Amino acid sequence: MRLKNMLIVPLLAGMLGFSGCAPGILSKNQTSTAGQSAFTGEKVRPGMSRREFIAKNGEPYKTAFRTESDGTLYEILYYKERLGLWYILNMAFHFRDGKLIAQEQLDEELLYQNEENKSK
């Protein structure tokens, strides 16, 4: 019995360790396993407020802002979204005076690479 426990504990610990492969900056709201972005449908609508957007999608991992010449506050909220098991999408959401005006997909990151793909 003791030998069995000695084998099961490391096995379970290893399984738990490997199950946390996604970067810590991704929340449950930014993970999609269906092959479609989680930032679709009711979660993202033009004109929605910054506050409502964050309430539905979580806090961004990065922000940027500027004041335009007319005094309007322009903000960009950056999110990373895990798409399936293999990709991270970098997304930017643009707000003017606290209202969503644009959504932009930035670059894609491949999570796992084999030796052939590393040199590309």
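A few notes on this one:
- Under a 5 Å amide H cut-off, with hydrogens placed 1.01 Å from N, residue 48 pairs with 100 among residues at least 5 apart or on other chains.
- Partner aspartates and glutamates whose Cα lies under 14 Å from the Cα of residue 43, excluding those fewer than 8 positions away in the same chain, are identified as 52, 59, 81.
- Model label sites at residue 64 and residue 85, defined 7 Å from Cα along the beta-carbon direction, differ in position by 3.4 nm.
- Using 0.36 nm per residue and subtracting the Cα-Cα separation, the extra length available between residue 55 and residue 97 on full extension is 13.4 nm.
- Residues in the range 83-105 reached by a label modelled at residue 74 [backbone nitrogen below 15 Å; 7 Å Cα→Cβ]: 93-104
Here, each number is a calculation from the coordinates, and none is a lab measurement. Source: prediction; values computed, not measured. When we count neighbours, we look across all protein chains shown, and the Cβ atoms used for this are built from the backbone with ideal geometry, even at glycine.
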